[in-house]
1. Hey, can you tell me all the residues within region 204-237 that are of a type in the set (A, V, I, L, M, F, W, C), within 14 Å of the ligand (Cβ to nearest atom) and modelled with pLDDT of 95 or more?
2. Which count do you get for residues in region 167-214 that are of a type in the set (A, V, I, L, M, F, W, C) and assigned to a helix (DSSP H, G or I)?
3. For the list (1) assigned to a helix (DSSP H, G or I); (2) more than 30 Å from residue 184 (Cα to Cα), I need the number of the one condition that residue 332 fails.
4. One residue is enough: does region 256-267 have a residue meeting the conditions among the aliphatic types (A, V, I, L, M) and under 22 Å from residue 37 (Cβ atoms)?
5. Identify all residues within region 275-316 that are of a type in the set (Val, Ile, Thr) and out of contact with any helix residue (DSSP H, G or I) (no Cβ under 6 Å at 6 or more places or on another chain); write none if there are none.
6. Among the residues of region 122-143 satisfying the criterion of being of a type in the set (Gly, Ala, Ser) and under 21 Å from residue 174 (Cα atoms), which is modelled with the highest pLDDT?
7. Of everything in region 189-247, what is basic (Lys, Arg) and in contact with a strand residue (DSSP E or B) (Cβ under 8 Å, 6 or more places away or on another chain)? Give them in sequence order.
8. If I filter region 151-159 for residues that are surrounded by 18 or more Cβ atoms within 10 Å (Cβ to Cβ), touching a Gly at 6+ places or on another chain (Cβ under 7 Å) and not in a helix (DSSP H, G or I), do I get at least one hit?
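The values are calculated or read from the model by the stated rules, or taken from the named source; none is laboratory data. Here the structure is a predicted model, which means the values were calculated and not measured. All Cβ positions, even for glycine, are placed from backbone atoms using ideal geometry, and neighbour counts span all protein chains on display.
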Amino acid sequence: MSEREQSVAQRAAANQEKSPVTRVFSGMQPSGELHLGNWLGALKNWVAMQDRYPCIFSVVDLHALTQTSDPDEMKARIRDMAMGWLAAGIDPEKCTVFVQSTVPEHAELSWVLTTLTPMGLLERMTQFKDKARSQAENVNVGLFSYPVLQAADITIYRADGVPVGEDQVQHVEFTRDLVRKFNLKYGKVFPEPRALLTSSPRVMGVDGDRKMSKSLGNHIGLNDSADVLWKKLAPAKTDVRRVRRTDPGVPEECNIYKYHGFFSTADERAWAAEGCRSAGIGCRQCKEVVAKNINAVLEPMRERRAGLEAHPGRVDEILHEGTKKLLPLARETMGRVRDAMGIPNRGRYGIGEDR
Ligand code: AQP
């Protein structure tokens, strides 16, 4: 394990040991297909957590507006993302699933939090710097203030557990800073949230060089067929020492061996490690076992997804139910925020109760 991986693992373990989580919130942008990085870094954790905590999971379409502007594409992607979650095991009987923009209090609280946010803090966010580079033609203010909206997503439900991948930890820490600032200035309204990481908080892409990401084209989609999966895995980078079949390698420095860590049994991992070190097996053989094991995980998802695709209306209903369930809680939080800050509650003007 590298030093970086060790520190992330330690942080993840420390996170689990802290005070108990009472409510979980997390979201994903409908910016394209779900991939193994999303699943291993976050979604798998969501599925496990729905049995242990009250969980709220949001398709964060307002965030996606910072990147996508095609209305038809947006509509299709929102439903597609929800389908992907349900196919992966998210159960609306156990947790709440909804679309961010259908609860307007996210945007309202976001503005309030913006007034507490120093520019300098946002300028330090690495995701903003990365995105500003990768979409240089569209560096909008939403991209810059993205972490503030994310802080509002979490705090509007007064959630204290946020299952995310490593790339989002900085944003959760930012949320904690804002919460402390708000509570100090206006009185305690919000609990301090913390990131909940899996044991695979940063999954590398098939290029072996960078984080698995759709935009980098180095991902394996949760909806990929066995054929597509193999087309991506077969040329995937392995340990650079293994130029020829007879060259021995160092499994700990091979990304495919890391995938074995996520998907294979202890025996298979031992077989791969020994075969790599001794050049007893070739990289192709090693990848075939990984492919078999990834397929075993994806196959039930593909089947569930096919079932959902036959009933898209059911997915819309689930999302609608989620919104209905969450609106009162979001309104209650905004009522508390308004009281704390000395701005009027809407109820006073006869335009709806806040709490
Ligand atoms: N490679 C990854 N390893 C571990 N966790 C990951 N996550 C994303 N990639 C990895 C986690 O998945 C959740 C969804 O995050 P998102 O909505 O921000 O998705 P994303 O980052 O937009 O996914 P991409 O593929 O990286 O998108 P592009 O390429 O469009 O920027 C988060 O919890 C994230 O940490």
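1. Residues satisfying the conditions are 204, 206, 212, 220, 222.
2. Number of matching residues: 7.
3. Result: residue 332 passes all but (2).
4. Yes, there is a match, as at least one residue in region 256-267 is among the aliphatic types (A, V, I, L, M) and under 22 Å from residue 37 (Cβ atoms).
5. Matches in region 275-316: 297 only.
6. Here the residue is 142.
7. 194, 202, 210, 211, 214
8. No; the residues of region 151-159 include none that is surrounded by 18 or more Cβ atoms within 10 Å (Cβ to Cβ), touching a Gly at 6+ places or on another chain (Cβ under 7 Å) and not in a helix (DSSP H, G or I).
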